[in-house]
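The values are calculated or read from the model by the stated rules, or taken from the named source; none is laboratory data. All values derive from a computational prediction rather than experimental measurement. Cβ placement follows ideal geometry from the backbone for every residue including glycine, while neighbour counts extend to all protein chains displayed. All accessible areas refer to the heavy atoms of the entire protein, side chains included, with ligands and DNA or RNA removed. Shrake-Rupley method; radii C 1.70, N 1.55, O 1.52, S 1.80 Å.
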Amino acid sequence: MDIKAVNSMSYEEFIDLFGNAVEKCPLIAGAIWSKRPFTTFVDLETSIFEFIDSLPQTGKEGILRCLPDLAGRELQSGTLSAESQKEQVQAGLTSLSHEEQEKLHQFNSLYKNKLGFPFVIAARMSDKSKILQDLTARIQNPPLQELYNGIEEVKKICHLRLQDIHCKHAVRPTNP
Ligand code: 2AL
């Protein structure tokens, strides 16, 4: 898919394609719609990131609260979004030992109780042991630092989702 095809999409088509680039936040795709035409996919991504950065602290916290827990109940019940499911499976979160599962649940709860939003990390850039390591380290950080860290992880997740969209819809050259 080239950027011209994106620029010529209807609003509904645009939301269908990019509405979950940031988990459960179609409002963000709706907001950057008015920035069209985009010059490149990078330009579109930059518009999303600038919109996120422009939000007040409460807005950023709201974005973080839309992310499902890692290895949480929704992973067990198969009710995650397709994107989250793929990310969590790829990080090995469906093959945790009983001890790893317990530890992740315990620290996820501690983190959420302390900070008021879930621990967020780009699972596809990590694996189960690094996730546990980062969670136990980041839980020590002050709230503003974690707000910043969480939002930077949301941007990494968004970047990978946009790459998937770009590749999935790429027009392949036909053989002569
Ligand atoms: C997630 C998720 O669902 N996918 C991902 O990369 N990270 N959730 C989270 N709490 O970090």
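Condition first: open to solvent by 30 Å² or more (accessible area, probe 1.4 Å) and of a type in the set (Val, Ile, Thr). Now tell me which residues in the range 82-127 satisfy that.
Val89, Thr94, listed by residue number.
Pick from Leu70, Leu147: which is under 19 Å from the mean Cα position of the chain (by Cα), surrounded by 12 or more Cβ atoms within 10 Å (Cβ to Cβ) and not in a helix (DSSP H, G or I)?
Leu70
Say whether the condition of being within 24 Å of Arg161 (Cα to Cα), assigned to a helix (DSSP H, G or I) and away from the ligand (no atom under 15 Å from the Cβ) is met by at least one residue in the range 101-110.
Among the residues of the range 101-110, not one is within 24 Å of Arg161 (Cα to Cα), assigned to a helix (DSSP H, G or I) and away from the ligand (no atom under 15 Å from the Cβ), which makes the answer no.
Within the set of pairs 6+ apart or on separate chains, which have a first residue in the range 70-82 that is more than 17 Å from His105 (Cα to Cα) and near the ligand (Cβ under 8 Å from one of its atoms), a second that is outside any helix (DSSP H, G or I) and open to solvent by 50 Å² or more (accessible area, probe 1.4 Å), and C-beta atoms under 8 Å apart?
From the range 70-82, the pairs are Ser81/Lys24.
What number of residues within the range 31-52 are assigned to a helix (DSSP H, G or I) and touching a residue at least 12 places away in the same chain (Cβ under 8 Å)?
13
Test Gln163 against the criterion of being within 12 Å of the ligand (Cβ to nearest atom) and open to solvent by 30 Å² or more (accessible area, probe 1.4 Å), and give yes or no.
no
When the range 56-67 is examined, which residues are found to be more than 9 Å from the ligand (Cβ to nearest atom) and either open to solvent by 40 Å² or more (accessible area, probe 1.4 Å) or within 17 Å of Ile121 (Cβ to Cβ) (or both)?
Those that are more than 9 Å from the ligand (Cβ to nearest atom) and either open to solvent by 40 Å² or more (accessible area, probe 1.4 Å) or within 17 Å of Ile121 (Cβ to Cβ) (or both): Pro56, Gln57, Thr58, Lys60, Glu61, Ile63, Arg65, Cys66.
For the range 86-100, how many residues are within 14 Å of the ligand (Cβ to nearest atom) and in a helix (DSSP H, G or I)?
Within the range 86-100, the subset within 14 Å of the ligand (Cβ to nearest atom) is 86-94.
Next, only the ones that are in a helix (DSSP H, G or I) stay: 86-90.
Here the count works out to 5.
In the list Glu13, Glu45, which residue meets the criterion of being at pLDDT 95 or above, closer than 30 Å to Leu144 by Cα and open to solvent by 30 Å² or more (accessible area, probe 1.4 Å)?
Glu45
Considering each of Gly19, Gly30 in turn, give the residue that is within 16 Å of the ligand (Cβ to nearest atom) and open to solvent by less than 30 Å² (accessible area, probe 1.4 Å).
So the residue among Gly19, Gly30 that is within 16 Å of the ligand (Cβ to nearest atom) and open to solvent by less than 30 Å² (accessible area, probe 1.4 Å) is Gly19.
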